[in-house]
1. If the Cβ limit is 6 Å and pairs must be 6+ apart or interchain, which residue in the range 158-173 that is among the hydroxyl-bearing types (Ser, Thr, Tyr) pairs with which residue that is surrounded by 11 or more Cβ atoms within 10 Å (Cβ to Cβ)?
2. Just the residues that are open to solvent by less than 60 Å² (accessible area, probe 1.4 Å) and in a loop (DSSP other than H, G, I, E, B), please, taken from the range 36-56.
3. Which pairs do you get when a residue that is free of Cβ contacts under 8 Å to residues at least 60 places away in the same chain, found in the range 20-37, comes within reach of a residue that is in a loop (DSSP other than H, G, I, E, B) and buried (at least 17 other Cβ atoms within 10 Å of the Cβ), reach meaning Cβ atoms under 6 angstrom, with the pair 6+ apart or on two chains?
4. Among the listed residues ALA104, ALA89, which satisfies the condition of being small (Gly, Ala, Ser), over 18 Å from ARG37 (Cα atoms) and open to solvent by 30 Å² or more (accessible area, probe 1.4 Å)?
5. Tell me the residue from ASP30, ASP51 that is of a type outside the set (Ser, Thr, Tyr), out of contact with any strand residue (DSSP E or B) (no Cβ under 7 Å at 6 or more places or on another chain) and over 23 Å from ASP149 (Cβ atoms), please.
6. Report the residue count in the range 13-35 for those that are surrounded by fewer than 17 Cβ atoms within 10 Å (Cβ to Cβ) and in a loop (DSSP other than H, G, I, E, B).
Amino acid sequence: MPGCLVLVVGPSGAGKDTLIRLARAALADDPRYVFPRRLVTRPPSADEDNDEIDEAAFADGCAAGRFTLSWRAHGLGYALPAEAGRRAADGQVVICNVSRRVVAEARRTCPRVSVVEVTAPPEILAQRIAARGRPQDGDLAARLAREGDVVADLTILNTGSPGDAASQLVAHLRAC
């Protein structure tokens, strides 16, 4: 059975990491599902569970093609380790939170890609972002004004309980 790279995308504050965390817990006993940690040029935090990579290693990895996908956002470098692409090619379902701007590249370079867009109305996004209290979130209006031109295989409107939205994600992953 072919594997799949499932790209979870959406605006800041939509709840992508929360839904991924809940899906990981729901699928913890099934080795077909893999949730790799992103590499980011900043330390992990309560809001983002990542592996830290320094700027030089990020630049070297991009230049050498050592990442499945890489991108820059908010002044930081982000990457999916090469292992993510290998595991998808080997038949596993690999679930990753990525920027909408790398979806087209992933569709061109990865054998099988599914895109899940997580979203919420602007007022809910604004409340969630403001509640983080993180200085790196910067201009709230600018963050909310960003649009993505992504065609999603599944769109989750995350306005109710996180468990309900995560159930939609889990059902999609099982269908992959």
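The values are calculated or read from the model by the stated rules, or taken from the named source; none is laboratory data. All figures in this text were calculated on a predicted structure; none of them were measured in a lab. When we count neighbours, we look across all protein chains shown, and the Cβ atoms used for this are built from the backbone with ideal geometry, even at glycine. Surface accessibility is based on the protein's heavy atoms, side chains included, excluding ligands, DNA and RNA. Shrake-Rupley method; radii C 1.70, N 1.55, O 1.52, S 1.80 Å.
1. Close Cβ pairs satisfying both conditions: THR159/ALA120.
2. PRO36, ARG38, THR41, ARG42, SER45, GLU48, ASN50, ILE53
3. Every condition considered, the pairs that remain are ARG37/ASN50.
4. Details: ALA89 fails: over 18 Å from ARG37 (Cα atoms).
Among ALA104, ALA89, only ALA104 is small (Gly, Ala, Ser), over 18 Å from ARG37 (Cα atoms) and open to solvent by 30 Å² or more (accessible area, probe 1.4 Å).
5. Testing whether each residue is of a type outside the set (Ser, Thr, Tyr), out of contact with any strand residue (DSSP E or B) (no Cβ under 7 Å at 6 or more places or on another chain) and over 23 Å from ASP149 (Cβ atoms) leaves just ASP30.
6. Matching residues across the range 13-35 total 5.
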